[in-house]
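Please read the structure below before turning to the comments.
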Amino acid sequence: MRTFASSFVAIAIATTSFATPAFAQTEAAADEGLGEIVVTAQRREENLQDVPLSVDVVSGDKLAAINSGGGDIRAFAGRVPSLNIESSFGRTFPRFYIRGLGNTDFDLNASQPVSLVYDDVVLENPILKGFPVFDVARVEVLRGPQGTLFGRNTPAGIVKFESVRPDAEGANYAKGSFGRFNSLSLESGIGGQLSEQVSARVSAMYQRRSDWVDNISTPANNDLEGYKDFAIRGQIQFEPTETTSLRVKGQYRDFDGTARVFHANMFVPGSNDLRGLASATADFDRGEVQTDGLNFQRMKLYEVASTFEWDLGPATLTSVTSWWSGKYTSRGDIDGGTPAGPGFIPFSANSQDDVPDLDQLTQEVRLASNNDEGLTWQAGVFYFHEDLAIASYNYDTPTGTVPSVTALQQQTSEAWGVFGSLTYPFSDQFSITAGARYNNDKRRLDVGRGGFFGAIGNGLARVKDDNLTWDLSATYEASDDINLYARVAKGYRAPSIQGRALFVFTTVQDAISTADSETILSFEGGVKANLGGRSRFNLSVFKYDLNNAQLTAVGGASNAAKLINADNVAGYGFEAEFETRPVDNLVLTAGLSYNRAKIDDPNAFITGCGGGCTVTDPVRAGSPGIYSIDGNQLPQAPKWSANWTAGYGVPMGNGELYAFTDWAYRSKVNFFLYTSEEFNDDHMLEGGLRVGYRTDALDIAAFVRNITNDVSAVGGIDFNNLTGFVNEPRIWGLELGYKF
């Protein structure tokens, strides 16, 4: 243990010039150096430097840059250390990974160990997690288990969004941009006091992009990757007395576009090089595809929520109630090609996944002390209920309307928890925080199948578990500018059920697969330092053991998505953060993280690919096509990631001429639990630039995203051929914004 700690401290010190960004909630005046960053990572407003957690914040210039050109939530990938986000569905089904922990499962009831929390409401189903990011005050990324205050399925961490509140002052704005591929983005937020007791806010977003991927199998020039995405949020806040307030919120999203475009035989056999449509030696072009299947994607989501607060004097009572509902359909050409190619495609694979009905109800009530000194505490109860219907179809012909395989799933989930946390300062410099949560989860899944593979069978499965999660942290103020902290935490993910059974070639597929609950024990220590008022540096070093890890064996020769439990995943690494304002008009940030997330289970075996790839893992004795995954890095988990930004402004007239650039790098990632020569990507480097002129009210800027037009594979499909999909293209345009 001494060797582990000393080695990582040495690495971190040697690389502090690459540490990561954390922008202030409100930009500091030039003569004040860096402003304070306010977070609610512990359900209270606190200075980031005082919180004994590894937390990063995205707001201000960085948030504006990420959202330029109609970027969706995937654009946050790599913009903070240890965070990755990807999707095989495009804008509507993101998958999150923190410190290497995530879930590559593509099913519409997939459980993820990274929780998404929007205005204190947990979003459980994957289609909810892609809700657009607009009119938000900040985005917080909490790394490591958060099993006390947030609870449900948070062993890896949380991505937390805070909308601008109705009573916010000086927050009215409207902006619009137009760019490449006829990309149009419009966004506005307007609110304020209607009377002494009532305030309201309405915010909306509309994004559109024309089809820009050319399917050479059709006579049209551009056929795919276009979309229209509209979302609106309305809030009204009542304050009938000085001690009570009620905020009611409604949200709606309407998405209509194409599903993710897959490229058949995208990888050159025996390597991860990308090939073009003509031959293995032709250059890859993300704007061309040869496909023959139907492609569409539609979604509608609704939320009604309320937050009630009652100041009782010594403590404040808070109640958060939310109901989400939605419908979703997505169809795509999964083989990514035609009988004519590109390359050899054994059979046509066209599928559709629908959510005919989703209903999620959450209720949380908590009581928190109001004092700033002495013992502070909070406690509460949480309830979650979900009804989810899933319909999956497979078609024998690319444009068929009568499926050859059907699977209808009905899932009911229920969970509740009781939690509490307290902080006690033993002195002005030293305090301890301790918390615990009791979790109780149960889920039922009914599956019915028809068509050619109806013989796989119908099924019913129930899973349930209860668990106690907890955390203990200590903070020591070494000086006015340096805080040290240490934290140990236990996290938990509820048991899961998977009802997808597809074509079966080499193994027997059960009608339903289940995975037992997983637990994580995490150790973390760090330093948070303010350096002379113009710089700050944060460093966290961590180690965790994920026991009974829930993994999903996706695809392979058996073409199944099956849940398994691995004995252990051993993880360790660090995150470093640095921000400086060396002169009044220049802000520099940088970041570096290292994550080792190693599967440790000599009895963990899965089916290898069925698409002609070259598996590099050991074969199980006497079982051709079955491979050991012991010792492998988890999929979509880069060992190294780095990010950096620079913002510079020159006073001009009543405002300033400014430039802001942001960059993100990640090292090699594998796409599946097994390793192969093909299904991985060596690295990805994406950058953005924003140049403009702004005053207190006006902001006009030119922007470009993925400025170098980096082409990197971000995922694959392995049961048919060497199919894959890539990152977003270069987007440029102009944006005009107005604050009032």
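The values are calculated or read from the model by the stated rules, or taken from the named source; none is laboratory data. None of the values given here were measured: they were computed from a predicted structure. Don't worry about glycine lacking a Cβ; one is built from the backbone with ideal geometry, like all the others, and counts go over all protein chains shown. These accessible areas exclude ligands, DNA and RNA; they are computed on the full protein's heavy atoms, side chains included. Shrake-Rupley method; radii C 1.70, N 1.55, O 1.52, S 1.80 Å.
Structure notes:
- Test result for Asp681, of a type in the set (D, E, K, R), open to solvent by less than 60 Å² (accessible area, probe 1.4 Å) and within 23 Å of Gly60 (Cα to Cα): no
- Test: residue in the range 575-587 that is closer than 26 Å to Gly100 by Cα and either out of contact with any strand residue (DSSP E or B) (no Cβ under 9 Å at 6 or more places or on another chain) or among the polar types (S, T, N, Q) (or both): no
- Any hit, the range 600-614, residues being over 22 Å from the mean Cα position of the chain (by Cα), part of a loop (DSSP other than H, G, I, E, B) and without any contact (Cβ under 8 Å) to a residue 12 or more places away in the chain: no
- Filtered residues of the range 444-502 (kept if open to solvent by less than 20 Å² (accessible area, probe 1.4 Å), modelled with pLDDT under 95 and β-branched (Val, Ile, Thr)): Val447, Ile497
- The range 659-678 - residue that is in contact (Cβ under 8 Å) with a residue 60 or more places away in the chain and farther than 25 Å from Thr589 by Cβ and, of those, surrounded by the fewest Cβ atoms within 10 Å (Cβ to Cβ): Glu677
- Of all residues in the range 375-414 being modelled with pLDDT of 95 or more and of a type in the set (D, E, K, R), the one that is least open to solvent (accessible area, probe 1.4 Å): Glu386
- For the criterion of being surrounded by fewer than 15 Cβ atoms within 10 Å (Cβ to Cβ) and in a loop (DSSP other than H, G, I, E, B), Thr281 passes.
- In the range 128-145, residue farthest from Ile190 (Cα to Cα) [restricted to those that are of a type in the set (Lys, Arg) and open to solvent by less than 10 Å² (accessible area, probe 1.4 Å)]: Arg143
- So Gly400, is it over 20 Å from Gly450 (Cβ atoms) and either of a type in the set (Val, Ile, Thr) or out of contact with any helix residue (DSSP H, G or I) (no Cβ under 9 Å at 6 or more places or on another chain) (or both): no
- Only listed residue being in contact with a Gly (Cβ under 8 Å, 6 or more places away or on another chain), over 25 Å from Val569 (Cβ atoms) and either open to solvent by 40 Å² or more (accessible area, probe 1.4 Å) or of a type outside the set (A, V, I, L, M) (or both), chosen from Gly647, Gly610, Gly653, Gly625: Gly610
- Residue check, Val704 more than 22 Å from Ala259 (Cβ to Cβ), among the aliphatic types (A, V, I, L, M) and either part of a strand (DSSP E or B) or open to solvent by less than 60 Å² (accessible area, probe 1.4 Å) (or both): yes
- Looking only at the range 118-156, residues that are of a type in the set (Ser, Thr, Tyr) and outside any loop (DSSP other than H, G, I, E, B) come to 1 in all.
- Candidates in the range 551-579 are the residues that are open to solvent by 20 Å² or more (accessible area, probe 1.4 Å) and of a type in the set (Val, Ile, Thr); of these, the one that is farthest from Phe679 (Cα to Cα) is Ile564.
- Any hit, the range 259-266, residues being at pLDDT 95 or above, open to solvent by less than 50 Å² (accessible area, probe 1.4 Å) and at positive phi: yes
- Taking residues in the range 560-585 that are farther than 25 Å from Ser82 by Cβ, and partners anywhere that are open to solvent by 10 Å² or more (accessible area, probe 1.4 Å) and among the aromatic types (Phe, Trp, Tyr), the pairs with Cβ atoms closer than 8 Å and at least 6 places apart or on different chains are Ala561/Phe106; Asn585/Tyr648.
- Unmet requirement for Ala549, which otherwise passes all of (1) under 22 Å from Asp601 (Cβ atoms); (2) more than 22 Å from the chain's Cα centre (by Cα); (3) modelled with pLDDT of 95 or more; (4) hydrophobic (A, V, I, L, M, F, W, C): (2)
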